[in-house]
Amino acid sequence: MYRVSTAMQFTLARNTINTRRMELLTVQEHIATGRKVNTFAEDPVASRKVLQEQSTLRTTESWRRTANEAQLLLETSDSILATVGDNLDRAYELTVQMANDTNSGENRQNAADEIRGIRERIVELANTQRNGRSLFAGLGNASDPFQLDGSFSGDTGRLQVPVGPRAVLDATLGGGEPFLDAAGGRNTIETLIELENRMRADDGAQISDIIDEVQATIDRAAGARQQLGHRLVRLDTVYDALDRAELAADSTLAEVRDTDIAEAVIRLRESETGLQAALSITGRLDDLSLLNFLR
């Protein structure tokens, strides 16, 4: 009976040592990796939660990329239209000046030349591209949708991008929107052509009659910029929502997956102490077994 009892004690001691060693190795791994869940088998429930939050982070990052793309397009469009507005302001200033009959024919010819230069610059601006996309061409993304003769080869579509769950943002204006007359009248380029022709005709009354039409081109560009501003404000709320979603996912991951180093160090010391105690007990059993043998 005594030999069986001693054998059982040795078995229990070895099992305890193995358990303590495994505990020690596990804690050491948690500290080394910075994670308390390293395999699915270690904690299936926590592992599923980790996978869920990682998926949330990937999706959120995808939305952030499309939001960044939208921001680039919106800000670039706004900058372009600011320059367009400056040029149209100058065109309006010249129109008012040249409507005055005190101007000579030479003055009006010089003003007409300047209006032509303004038209060329605005056409170039209206054909601006970013990341391979024509900003004012519509969904068809036509290259150089505006021509110097005022023709427009784009469409009125808008590029929409997903920026969150069930959230979509217009990343571009409708094709040609800052330049086309919604009522079907002359577009901005055509108005500038007409203005140039009237200046070359050296007729103050005709120039005066087109002042309101030139003002309308300014209003269209300004209205388009206002739309862009509203979308950029909305984009700020989108970024806030994405930040909150990422913070929540990171917080959950830290709670479920990441190692609390201070707590892990305490567990490490406890595991080391437990292993040393188990080894000490085994040593005493060895001494007792040898003593009984000598007797």
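Remarks
- All positions within segment 221-260 that are farther than 30 Å from residue 189 by Cβ, in a helix (DSSP H, G or I) and among the basic types (Lys, Arg): 234, 244
- Criterion (of a type in the set (A, V, I, L, M, F, W, C), without any contact (Cβ under 8 Å) to a residue 24 or more places away in the chain and either surrounded by fewer than 17 Cβ atoms within 10 Å (Cβ to Cβ) or not assigned by TED's automatic domain parsing to the domain that holds residue 93 (or both)) met by exactly one of 182, 167: 182
- Single residue of 65, 121, 116 found to be farther than 27 Å from residue 147 by Cα, in the same structural domain as residue 189 (by TED's automatic domain parsing) and assigned to a helix (DSSP H, G or I): 65
- Criterion: in contact with a helix residue (DSSP H, G or I) (Cβ under 8 Å, 6 or more places away or on another chain) and not basic (Lys, Arg) - qualifying residue of 89, 144, 155: 89
- Residue in segment 89-105 that is assigned to a helix (DSSP H, G or I) and polar (S, T, N, Q) present: yes
- Hey, residue 225 basic (Lys, Arg) and touching a Gly at 6+ places or on another chain (Cβ under 9 Å) or not: yes
- Every pair of residues 6+ apart whose Cβ atoms lie under 9 Å, when the first sits in segment 80-97 and is at positive phi while the second is assigned to a helix (DSSP H, G or I) and buried (at least 19 other Cβ atoms within 10 Å of the Cβ): none
- Residue tally, condition under 27 Å from the mean Cα position of the chain (by Cα) and over 20 Å from residue 185 (Cα atoms), over segment 128-168: 24
- Matching entry among 7, 112 (being modelled with pLDDT of 75 or more and either touching a Leu at 6+ places or on another chain (Cβ under 6 Å) or not hydroxyl-bearing (Ser, Thr, Tyr) (or both)): 112
The values are calculated or read from the model by the stated rules, or taken from the named source; none is laboratory data. From a predicted model like this one, the values you see are computed outputs, not experimental measurements. No Cβ is skipped: glycine too gets one built from the backbone with ideal geometry, and neighbour counts run over all protein chains shown.
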